[in-house]
Amino acid sequence: MRPWLLIPPALLLAQRGEAPIVFEEIAAKAGLVFRADSCPTPNKNQPETMLAGLALLDYDRDGWLDIYLVNGAAIPSLVKESPKYFNRLFRNNGDLTFTDVTERAGVAGSGYGIGAAVGDYDNDGWPDLYVANVTANQLFRNNGDGTFTDVAARAGVAGGVRNGRKMWTVAAGWLDYDNDGWLDLFLSNYCVWTPNGDPFCGPSRQLRAYCHPRMYDPLPNTLYRNNGDGTFTDVSAQTGIARHFGKGMGVAFADFDGDGFTDIFVANDTMPNFLFRNIGGKRFEESALALGVSMTEDSRVLSGMGADFRDVDNDGRPDIWHTALEYETFPLFLAVPGGFSDATRTSNLAKLTRPLSGWSNFIADLDNDGWKDLFVARSNVLDNVERIASRPYAEPNSVFRNLGRAPVRFEDVSAAAGEAFQQPAPHRGAAFGDIDNDGRLDAVVTVLNGPVKLFRNVTPNGNHWLLLRLEGRRSNRMGLGAAVRLNTPAGRTLYNHATTSTGYAASSDVRVHFGLGKEASARRIEIRWPSGARQVLENVAADRVIPVSEPPER
């Protein structure tokens with residue numbers, strides 16, 4: 001045996017002068033008590049495997065991130081027949097504890113939920129909440145007094161309809177695709193399904209198994225344009241979105257070509273991915289194959305699950321990373337002039353992820369060294385009784401540290417991330433944000449038919465950081481789509497952008513985060529707002545949350 005294999009991972013990092021990325025799991029201690037219930041049945045209905053999404057949002061604008069957790073419903077009724085199926089909203093008390101405010105807020109939900117998305121659709125300064133369901137979707141308008149009202153039907157966004165039936169929505173996301181200052185809504189739809197109508201997939205009449213996704217027909221996605229008056233118009237057909245059928249899972253947004261318009265990536269399950277290129281805010285061109293992100297470099301279609309669309313190599317171009325199942329790898333597509341290059345092998349991710357199965361994921365600088373790392377909520381799809389492969393059903397989560405050099409490479413530092421981080425479970429959703437406002441990004445992870453986990457980031461390296469809380473004026477109020485470039489006194493250039501759409505059925509902290517390493521300030525911060533306005537901040541001290549308002553039109 002090689003001697004270094006006997007050295008604990010944390011000690012190996014210390015010998016290289018690097019602190020490990022460390023998490024402390026505090027959900028129960030913090031009062032975050034929630035159990036996702038998918039209502040598993042002998043009939044093996046497909047949605048039973050796919051709970052549950054979540055959202056991080058400051059619903060009461062007190063400066064602390066609150067947590068919304070999505071839940072299932074009874075089968076076959078698809079109704080929340082008991083409080084055990086309620087979606088739950090937990091208010092952050094600002095002291096690492098949470099209070100369940102679901103009933104007062106009125107956000108328990110009414111159907112079989114899958115995902116959530118946060119966006120201020122009416123530009124009133126209060127974040128609103130969209131819930132993606134198997135049944136009718138819900139749009140909870142934030143009333144600004146601690147309560148919400150479901151306005152989905154009145155607003156016209158209860159979900160896309162095909163052949164007279166509402167389509168099953170897995171994920172949703174907010175973006176201003178036409179840069180008119182109002183947030184539009186994109187829905188990632190999965191497959192054609194009816195309760196207790198799944199095909200028989202063995203292994204015996206007495207013991208059914210969950211069916212492979214290929215047994216179900218695909219669906220198109222849905223795009224709603226915000227009319228600016230509290231209502232939306234379905235523009236899926238006229239923008240070209242509806243022409244493409246897939247089995248949509250994770251959805252993520254970024255302006256990859258730098259033309260000022262937000263593009264859309266969809267990770268499809270067992271079908272080629274979609275990259276909807278935004279053509280001037282008027283239509284979309286599905287360009288995944290032409291741009292190199294529809295499948296792997298050896299032309300394999302994967303079980304696409306969660307996705308994030310963010311710059312990992314600090315070259316100013318957003319990259320794409322999505323998860324899949326064991327023996328498939330989690331591909332990394334680096335943006336290059338004219339498209340993307342598959343860097344899964346060169347980045348070491350092919351080797352690291354080939355044995356793993358992943359659901360939600362995100363790209364974030366977890367150790368504040370100025371390089372974005374990778375986090376994945378792991379689990380296989382089926383339990384051991386129904387699986388032929390040797391890998392277990394429950395898996396621990398993983399974190400891959402960005403080594404901070406060209407070409408970009410990652411190492412698996414999960415083993416040094418804390419004892420609780422090693423615990424396997426059927427993890428599903430994951431979202432990131434700074435729960436305690438200490439500058440270190442935390443993670444909330446849901447578990448299928450198990451208790452939620454809150455991983456507080458306690459990485460002990462003392463690196464500096466900045467969080468930008470953007471407020472649009474000419475642009476949408478949340479500033480979604482704003483691109484930010486930061487220059488440090490030592491000459492480093494860092495990039496990020498404002499989005500809440502990350503991972504699988506999840507919505508993360510809208511604040512734009514930068515790790516600065518040992519530098520205690522930013523020399524220059526340039527913001528390109530969706531309106532086209534450019535704003536510059538100079539000599540900004542680190543280790544704080546900075547509110548930034550878009551300058552008014554001159």
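The values are calculated or read from the model by the stated rules, or taken from the named source; none is laboratory data. Values in this document were obtained by computation on a predicted structure and should not be read as measured data. Methodologically, a virtual Cβ is constructed for each residue, glycine included, from the backbone with ideal geometry; neighbour enumeration extends over all protein chains shown. Heads up: the accessible areas ignore ligands, DNA and RNA and are worked out on the full protein's heavy atoms, side chains in. Shrake-Rupley method; radii C 1.70, N 1.55, O 1.52, S 1.80 Å.
Here Ser204 passes the criteria (1) under 22 Å from the mean Cα position of the chain (by Cα); (2) surrounded by fewer than 17 Cβ atoms within 10 Å (Cβ to Cβ); (3) of a type in the set (Ser, Thr, Tyr) except the one numbered (1).
Selection of the stretch 416-443 for residues being more than 11 Å from Phe23 (Cα to Cα) and either over 20 Å from the mean Cα position of the chain (by Cα) or not in a strand (DSSP E or B) (or both) yields Gln423, Pro424, Pro426, Asp434, Ile435, Asp436, Asn437, Asp438, Gly439.
Yes/no per residue for (1) more than 22 Å from Asp180 (Cβ to Cβ); (2) modelled with pLDDT of 95 or more; (3) part of a strand (DSSP E or B):
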residue	(1), (2), (3)
Leu219	yes, yes, yes
Tyr224	no, yes, yes
Gly230	no, yes, no
Thr233	no, yes, yes
Thr239	no, yes, no
Ala242	no, yes, no
Ala252	no, yes, yes
Asp259	no, yes, no
Phe284	no, yes, yes
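Evaluate the following for Cys211: is it in contact (Cβ under 8 Å) with a residue 12 or more places away in the chain, farther than 24 Å from Ala116 by Cβ and touching a His at 6+ places or on another chain (Cβ under 8 Å)? Against the criterion (in contact (Cβ under 8 Å) with a residue 12 or more places away in the chain, farther than 24 Å from Ala116 by Cβ and touching a His at 6+ places or on another chain (Cβ under 8 Å)), Cys211 does not qualify.
If you go through the stretch 61-77 and keep only what is buried (at least 23 other Cβ atoms within 10 Å of the Cβ) and more than 20 Å from the chain's Cα centre (by Cα), you end up with just Ala73. In the stretch 261-282, of all residues being more than 19 Å from the chain's Cα centre (by Cα) and in a strand (DSSP E or B), the one that is surrounded by the fewest Cβ atoms within 10 Å (Cβ to Cβ) corresponds to Ile279. Kindly establish whether Val118 is within 25 Å of Gly479 (Cα to Cα) and of a type in the set (Val, Ile, Thr). Judged against the criteria, Val118 is a match.
Would you check if Thr346 is open to solvent by 50 Å² or more (accessible area, probe 1.4 Å), assigned to a loop (DSSP other than H, G, I, E, B) and of a type outside the set (D, E, K, R)? Walk me through it before giving the result.
On the way: open to solvent by 50 Å² or more (accessible area, probe 1.4 Å): yes; assigned to a loop (DSSP other than H, G, I, E, B): yes; of a type outside the set (D, E, K, R): yes.
Answer is yes for this residue.
Taking the listed residues Thr353, Thr296, Thr323, the one that is among the polar types (S, T, N, Q) and open to solvent by 10 Å² or more (accessible area, probe 1.4 Å) is Thr296, with no other qualifying. Count of the stretch 114-171 residues, restricted to those that are farther than 19 Å from Ser77 by Cα, β-branched (Val, Ile, Thr) and in a strand (DSSP E or B), is 3.
In the stretch 183-201, which residue that is in contact (Cβ under 8 Å) with a residue 24 or more places away in the chain, out of contact with any Asp or Glu (no Cβ under 6 Å at 6 or more places or on another chain) and not in a strand (DSSP E or B) is surrounded by the fewest Cβ atoms within 10 Å (Cβ to Cβ)? Per the criteria, the residue is Asn196.
Inspect the stretch 220-235 for any residue being touching a Pro at 6+ places or on another chain (Cβ under 9 Å), free of Cβ contacts under 8 Å to residues at least 40 places away in the same chain and open to solvent by 10 Å² or more (accessible area, probe 1.4 Å) and give the result as yes or no. Break it down into steps so the answer makes sense when it comes.
Kept after step one, since they are touching a Pro at 6+ places or on another chain (Cβ under 9 Å), are these residues of the stretch 220-235: none.
No: the stretch 220-235 contains no residue that is touching a Pro at 6+ places or on another chain (Cβ under 9 Å), free of Cβ contacts under 8 Å to residues at least 40 places away in the same chain and open to solvent by 10 Å² or more (accessible area, probe 1.4 Å).
Scanning the stretch 356-369 for residues being assigned to a loop (DSSP other than H, G, I, E, B), among the polar types (S, T, N, Q) and either closer than 15 Å to His322 by Cβ or open to solvent by 10 Å² or more (accessible area, probe 1.4 Å) (or both) gives a total of 1. For residues that are surrounded by fewer than 18 Cβ atoms within 10 Å (Cβ to Cβ) and either under 23 Å from the mean Cα position of the chain (by Cα) or touching a residue at least 40 places away in the same chain (Cβ under 8 Å) (or both), scanning just the stretch 145-179, find the one that is farthest from Ser507 (Cα to Cα). Looking at the filtered set, the residue picked out is Arg162.
State which residue is surrounded by the fewest Cβ atoms within 10 Å (Cβ to Cβ) when the search covers only the stretch 480-528 and only residues that are of a type in the set (Gly, Ala, Ser) and out of contact with any Ser or Thr (no Cβ under 9 Å at 6 or more places or on another chain). Applying the filter and picking the extreme gives Gly491.
Taken over the stretch 419-444, the residue count meeting the criterion of being over 13 Å from Val545 (Cα atoms) and surrounded by fewer than 21 Cβ atoms within 10 Å (Cβ to Cβ) is 5. One residue stands out in the stretch 459-479 among those that are among the polar types (S, T, N, Q) and under 30 Å from Glu25 (Cβ atoms): the one that is least open to solvent (accessible area, probe 1.4 Å), namely Thr459.
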